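Q: Mind having a look at this structure? Questions to follow.
The values are calculated or read from the model by the stated rules, or taken from the named source; none is laboratory data. This is a predicted model, so every value here is computed, not measured. Heads up, the Cβs are rebuilt from the backbone with ideal geometry, glycines too, and the neighbour counts pull from every protein chain shown. These area figures cover heavy atoms from the full protein model, side chains too; ligands, DNA and RNA do not enter into them. Shrake-Rupley method; radii C 1.70, N 1.55, O 1.52, S 1.80 Å.
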Amino acid sequence: MTRASAPGELVQIDSTDLDVWVMGDDGQPARVELTVVVDVATRSILAAVLRPKQPAKRGKKRPGGAGKSELPRPRGRATKAVDASLLLAQCMVPVPMRPGHDPAVLASASDLPYEELLALDPRFAHAAARPVIIPDLIVIDHGTVFAGRTFFDACAYLGISVRPARKRTGRDKAIVERTFGSIKSGFSQYVNSYTGKDPVRVRRSIDGLELWTVAELDDKLQQWIALEWQNHPHLELFDPRDAYLPDHSPNQMYRALVEIDGYLPIPMGETDYVPLLPTAWVGVSAQGIRFRNRTYDNPERDPEKGLNPFRGVRCPLRRRGKGGWEMRYNPNDPSRVWLRDPSGENAWVEAVWVHQERIGSPWTEYLWDIAKALYLERGGSLKDLEAERAIADALADLLEELGRGPARTGAQPRVPDGYAPLPPAAPRKRFDPYAGRDPSLWAPNPPAVSAPVQVQAAAPAAGADPLALEAAGLSPAAGSVRLDWVQGPLAPDPLLGASENPWPATARSAQQGRREDLQGRYREVFADLDDEQGNGERGGDG
């Protein structure tokens, strides 16, 4: 098994389907994908992020006859390389406690060495109970999220070594794989829209379920990690100096190891997160930066500030991009981009989308693709001068519609807002043992029992079924028994008594008289033995 003796010595990262339905950004149900970073030495979940997992939609033919090209289809959405890159940065800084979380989530109420960490890093005053660990070596698989250039560039910028796992060898990252199983059994299965891995449950209907949004489910997951995972004892976390001590939790193991290895605070500002974003090479015109049918500009009027020094100028660094300038963008927040200024080290110029004031709400690249598809379906063209403004209006209408929530007509997935009263619980189905049976086989109003029935054992008739009750005389004649199914418990069933005591009443009384005392029973037994021995001896003599 892979082992580590210091925090950050070995870290594993991976993604998996969380088996939960959520409400996507477009107002439609979607699956959710989880990406976590796990430290091997302490088993701590250093960072976790949830992203909706939605497949790409097929394009439609343009109206107007043959020869028309297909409409561009919205790209699918899942965890991207930028999400994994930003997770690495989150491992290195204290995470502030979120509003609405339980006070037990605070680092001051946990097993972390709060006083020592606070003296070194004041950001722990309002931080959540999550260890801060700088990864030294990280293990990845061969997925597109981690095998791309974006993730490797982010690791090189942060000084993290990368070790790819062997193909089809799960034990190379067994720690994070086992962590996924614990998250699903300890957190996912308690979500009302949990599906599990059963194909039947995965395809079940979600009509009428209260679906959490991705942000709400992520908020609950972060609280569960701080309260449950980081405080739960782990069998692999023990004190090597004393095997009789109880197993440690991830927070307790971090406390024991950080006192030996120490803690180094790393301040990270906005300019430190920008190099972790994906890269594009663009030109700067008089209108600004044109990127994915959107225009970005900086309102600076000084010719030496903003984008003014780059307008109409080719980048002197022609190693990549064919004379374009290096730009960083965030697919989860396309409202602004950053252009690298080669005159200074880690210097960036921020540019904002020119139609951002028409939106006024956060949006993603996925929603932009949906709005663009809606605009093209209405007969619009990307070559029109007002195409960008029209797509911005379509995006604003889409966000306004999503803000109102899904229609309440019919059985639709609903979003719990925390203010509206909960819907009444559905009536439980009553168990009916006679459901699906022929009603003619059971009487609607059975009669009550009038008197006990005297049952006499009789010899079965010739040719009759020996197991039949009527032939054995254990079933009364028709009409002689009146049973009340509504009445409470009565005296023992005479039929049951007759079957348990097959002797007639006179025979039973004679048997009882013979066994009144214990001495008589002993004499009886010995007399029977003497008779058997005498018979045996006489048989042998003859």
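Results for (1) in contact with a His (Cβ under 7 Å, 6 or more places away or on another chain); (2) hydroxyl-bearing (S, T, Y); (3) without any contact (Cβ under 8 Å) to a residue 40 or more places away in the chain, shown as yes or no for each residue.
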| residue | (1), (2), (3) |
| --- | --- |
| D83 | no, no, no |
| M97 | yes, no, yes |
| H101 | no, no, no |
| S110 | no, yes, no |
| G143 | no, no, no |
| A147 | no, no, yes |
| F152 | no, no, yes |
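Q: Return yes when A396 is surrounded by 10 or more Cβ atoms within 10 Å (Cβ to Cβ), more than 19 Å from I289 (Cβ to Cβ) and modelled with pLDDT of 90 or more and no when it is not.
A: The answer is yes for A396.
Q: Here is a further query. Which number in (1) open to solvent by 70 Å² or more (accessible area, probe 1.4 Å); (2) modelled with pLDDT under 90; (3) over 21 Å from the mean Cα position of the chain (by Cα) marks the one condition that A256 misses?
A: (1)
Q: Here is a further query. Is region 121-135 home to any residue that is within 18 Å of A84 (Cβ to Cβ), at pLDDT 90 or above and among the small types (G, A, S)?
A: So far as region 121-135 goes, no, none of its residues is within 18 Å of A84 (Cβ to Cβ), at pLDDT 90 or above and among the small types (G, A, S).
Q: For D172, state whether it is of a type in the set (D, E), in contact with a strand residue (DSSP E or B) (Cβ under 8 Å, 6 or more places away or on another chain), open to solvent by less than 40 Å² (accessible area, probe 1.4 Å) and in contact (Cβ under 8 Å) with a residue 40 or more places away in the chain.
A: Yes: the conditions hold for D172.
Q: Just checking, how many residues over region 360-389 are more than 22 Å from R336 (Cβ to Cβ), assigned to a helix (DSSP H, G or I) and among the acidic types (D, E)?
A: Final tally of qualifying residues: 1.
Q: May I ask you to list the residues in region 42-68 that are outside any loop (DSSP other than H, G, I, E, B), open to solvent by less than 90 Å² (accessible area, probe 1.4 Å) and at pLDDT below 70?
A: Within region 42-68, no residue meets the criteria.
Q: Name every residue in region 283-315 that is assigned to a strand (DSSP E or B) and exposed (fewer than 15 other Cβ atoms within 10 Å of the Cβ), in order of residue number.
A: Answer for region 283-315, where residues must be assigned to a strand (DSSP E or B) and exposed (fewer than 15 other Cβ atoms within 10 Å of the Cβ): just R290.
Q: Are any residues in region 294-318 more than 24 Å from A392 (Cα to Cα), touching a helix residue (DSSP H, G or I) at 6+ places or on another chain (Cβ under 8 Å) and acidic (D, E), and if so, which ones?
A: Listed by number, the list holds a single entry, D302.
Q: Further question on the same structure: Please find, within region 142-164, the residue that is most open to solvent (accessible area, probe 1.4 Å) out of those that are modelled with pLDDT of 90 or more and part of a loop (DSSP other than H, G, I, E, B).
A: So, considering only residues that are modelled with pLDDT of 90 or more and part of a loop (DSSP other than H, G, I, E, B), the one most open to solvent (accessible area, probe 1.4 Å) is G159.
Q: Please enumerate the residues belonging to region 110-119 that are hydrophobic (A, V, I, L, M, F, W, C) and surrounded by 13 or more Cβ atoms within 10 Å (Cβ to Cβ).
A: Matches in region 110-119: L112, L117, L118.
Q: Please enumerate the residues belonging to region 266-282 that are in a loop (DSSP other than H, G, I, E, B) and either open to solvent by 50 Å² or more (accessible area, probe 1.4 Å) or hydrophobic (A, V, I, L, M, F, W, C) (or both).
A: Of everything in region 266-282, those that are in a loop (DSSP other than H, G, I, E, B) and either open to solvent by 50 Å² or more (accessible area, probe 1.4 Å) or hydrophobic (A, V, I, L, M, F, W, C) (or both) turn out to be I266, P267, M268, L277.
Q: Anything in region 316-338 that is out of contact with any Leu (no Cβ under 7 Å at 6 or more places or on another chain), surrounded by 16 or more Cβ atoms within 10 Å (Cβ to Cβ), not β-branched (V, I, T) and not in a loop (DSSP other than H, G, I, E, B)? List them, or say none.
A: G321, E326, W338
Q: May I pose another question? Quick one: how many residues across region 339-351 are surrounded by fewer than 16 Cβ atoms within 10 Å (Cβ to Cβ), assigned to a strand (DSSP E or B) and of a type in the set (A, V, I, L, M, F, W, C)?
A: Adding up the residues that qualify gives 0.
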